[in-house]
Amino acid sequence: MIQPITNTTNRCLAKVSRGVALFSALILLLAPFSSAEPLNLARADYMYALASQNHSSGFFPVGENENLANFSCCKKPYIFHGLNPNFEHHDRYFLFAEVVNNTSQHEWVLHISNFGFKNPKVRVINAEHAADQFTPVVKDLSAEINTIGRASTITLEPGVSYFLLVELRADNVVWHPYIGLMSEEYYDGWKTRMDFAYKLAIGIILGLILIAFMCWLLMSEKVFLWGGLSSLLMLFYYLEHSSLPAIFWQSTYEKTFLIWLLITSTLMSQTLFAAAFLQLNQKDKIWYRFYVAALASSVAVLLASYFLSFRTASILFALNYLVVWGFILFSGIARLRSHGRFYVLYICGWLPIVLSIFHVIYVLLFPQQTDHVEVSYKLIHVLYVQILHMVIHATALISRVKSMRDEKAHAEYLSQAKSRFIAQSSHDLRQPLSSMNLFLEYLYPHIQGEKALTIFEHLKKAQQHMQDSFNNMLDMSRLEAGALNVNMRAVSMEQLFIKLQHEFQVLARAKPIALHVHMSSAWVLSDPALLERILRNLLANAIHYTREGKVVLGCRRKKGQLIVQVLDTGCGIDPESQNEIFDIYKRSTEQQSHSAGIGVGLSIVKQICDLLGHSLNLTSHPGKGSQFSITVPLAEGHTAGKAGDNLLPGLEAPSVLLLIENDEIRNGIADHFTKWGCAVATVESRVAINQIASEASGEKVFILLCDYPCASRELFSQKYALDLEKKFIAACLCEADENLPENWITLSTALPPAQLRALLNLAYRRLNSVMTE
């Protein structure tokens with residue numbers, strides 16, 4: 001009996017000794033933190049800040065050999081760092097706090113904002129039974145990932161006091177660590193609200209980026225490309241700091257060279273967007289050099305960061321930020337002073353991002369001492385700052401497009417006014433030139449001596465050159481003003497070729513080059529005077545630019561059409577200039593070096609071809625020659641007769657029905673078609689169109705011309721639209737991207753007369769096909 005009693009007594013003494021030792025150790029552990037008051041958890045619908053000077057020890061550094069599970073602060077003295085731990089000096093910090101659960105909630109959530117910490121942990125100690133806890137409760141705070149940080153569920157019994165010891169580890173500068181304690185029910189609602197705000201912001205940004213890329217594809221404006229790309233890279237940068245890397249690929253958020261690459265790409269794309277928006281070019285001198293310097297500095301800092309420490313690289317990137325933002329803001333201010341208007345919005349669009357960046361730099365470099373750390377929603381706020389930035393810049397772009405449209409409309413108005421002026425004053429300008437020609441003819445018999453005769457010949461050539469240039473200018477202005485009348489008739493190519501051969505044979509022999517004209521018995525549907533003018537300009541151009549060799553005029557039939565060709569063995573046209581020679585404002589290098597005229601001959605050819613509906617093609621090889629081809633419809637049933645006989649004898653011209661709301665546009669169109677001999681009627685509904693069509697004969701051809709609002713309201717039902725295209729040549733005034741029924745013709749809202757004339761030519765061709773059937 002004595003031995004069992006002795007054993008029991010020994011075991012009891014051992015437990016008491018161990019309890020006393022653990023209690024003593026706990027007293028030593030808590031001694032440095034005795035000044036902090038316990039945090040009273042009195043509400044379950046509230047988020048409590050654990051990092052507080054009133055309720056915690058503040059952050060203090062610990063060594064690598066310290067373990068959270070058996071940590072004891074009695075080993076050495078500790079220096080407390082308040083609420084702003086410096087992870088550049090120490091990579092591990094502990095924070096101690098005492099909490100008392102005075103609610104009925106059992107399950108609580110400990111949340112840590114920011115993803116820059118490595119494996120944050122918490123040790124939970126029951127203060128009332130600390131001596132009985134032989135196995136410490138240590139939890140990983142990465143168990144739950146939310147929008148702005150990490151969390152873990154801990155159990156706190158109601159009415160019980162607990163000691164919480166939190167461990168944080170980081171390699172570089174991080175945002176202020178917020179540690180919050182809330183009930184599990186409150187956490188679920190808070191997390192849902194954050195997720196909604198976060199995902200909504202990402203959705204809005206992606207939508208705006210998609211719109212920017214669509215605008216770039218449709219308008220080919222690089223400002224939309226760089227704007228969308230810079231916003232996308234900025235979004236990637238923000239998402240790199242979010243929960244997504246931890247969720248999808250368990251990222252440790254270690255700052256590698258890739259983060260510098262992402263920052264550099266973002267800065268460069270923003271620089272390119274600024275340059276595109278401001279329309280910088282080499283003529284801007286200082287600002288263009290500033291722009292190049294900003295791009296170059298970004299690349300240089302990126303390359304240097306590969307070999308530098310994180311802190312040194314951060315300083316370099318901060319300096320590069322100043323260079324880039326200096327260019328963006330100051331170049332915008334310079335444009336504002338010279339242009340004004342939408343550049344105010346351009347500058348305002350950058351301010352949210354600039355202020356956000358400077359706020360981050362200020363907080364990191366100049367930390368403020370506070371009694372507690374507030375929860376930071378920076379990861380969500382920056383997304384809405386980006387949305388504000390994108391919306392303001394989108395508004396600025398819309399303002400710029402509107403301004404450019406107004407400037408274009410004003411320029412078109414001035415151009416049309418100029419063209420009308422020249423067309424109307426042609427008689428006053430032509431009379432002095434005609435008089436000059438008569439005076440020269442009267443002067444010729446009185447010229448004596450070879451020297452005087454040479455001067456007279458130069459004077460005669462100068463007068464002829466002036467006359468030709470004036471005729472070209474007059475034709476160009478009449479084409480632009482829509483004052484050129486078109487009379488579509490059957491034209492004999494043989495008679496036209498004979499006339500051109502007699503006229504240009506003399507010029508060809510003077511070069512000297514050979515002119516070969518291959519006669520044809522074909523008849524075509526065209527305006528005889530304008531077709532002659534086309535071939536006359538092409539032959540004159542071919543002879544002028546051919547120094548030796550030959551010029552050929554001929555034609556060939558192909559599928560109901562006649563292809564008229566002018567070939568030469570002249571200097572040819574390089575591929576870069578082939579798209580420019582038909583532009584009145586551009587001339588190729590060869591033209592500039594050989595031509596003394598104003599260089600509108602080919603421009604007139606192109607515009608007359610568009611007016612008549614004849615396609616024009618060019619094939620050229622530098623040093624070998626050029627070939628111009630015009631495709632003209634054949635006039636079937638005409639094998640003989642006089643050139644200029646009416647193709648459609650006894651039939652009326654096509655009739656035109658106008659379903660257009662705007663009176664000014666409707667009257668302008670009516671004037672053109674009336675001048676061209678067409679009967680014009682205004683209709684207001686589908687009923688009126690049906691009535692006119694039902695009363696017309698089977699040989700009658702109608703042109704139905706509508707604006708888009710009227711057409712979409714009255715005519716665009718699927719069945720009715722198909723019936724219309726059988727009875728009418730249907731056309732709609734609208735933008736090129738509007739969705740019209742099949743076989744409807746899109747006309748530009750600018751309404752150049754050449755488009756209306758081409759529509760009338762199509763009606764004549766349909767009338768011709770009706771007659772031949």
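The values are calculated or read from the model by the stated rules, or taken from the named source; none is laboratory data. Please read all numbers here as calculations on a predicted model, not as lab measurements. Positions of Cβ are generated from backbone atoms using ideal geometry, with glycine treated the same way; all protein chains shown enter the neighbour counts. With ligands, DNA and RNA removed, areas are computed over all heavy atoms of the protein, side chains included. Shrake-Rupley method; radii C 1.70, N 1.55, O 1.52, S 1.80 Å.
The length gained on full extension between Ser748 and Leu453, counted as 0.36 nm times the residue separation minus their Cα-Cα distance, comes to 100.7 nm. Of the accessible area of region 462-576, computed with a 1.4 Å probe over protein heavy atoms only, carbon and sulfur atoms account for 53 percent.
Built from the Cα atoms of region 86-240, the convex hull projects on average onto 11.6 nm², one quarter of its surface area. Structure note, pairs Lys191/Lys255; Lys461/Lys511; Lys191/Lys378: Cα-Cα distances above 19 angstrom occur for Lys191/Lys255. The Rg/Rh ratio of region 283-346, with both radii computed over alpha carbons and Rh defined as the Kirkwood radius, is 1.12. In this Cβ point-charge picture (+1 for Lys and Arg, -1 for Asp and Glu), region 516-564 has a dipole of about 220 debye about its Cα centre. Tally Lys/Arg at +1 and Asp/Glu at -1 over every other residue whose Cβ is under 10 Å from the Cβ of Glu185; what's the total? Neighbour charge sum, excluding Glu185 itself: -4.
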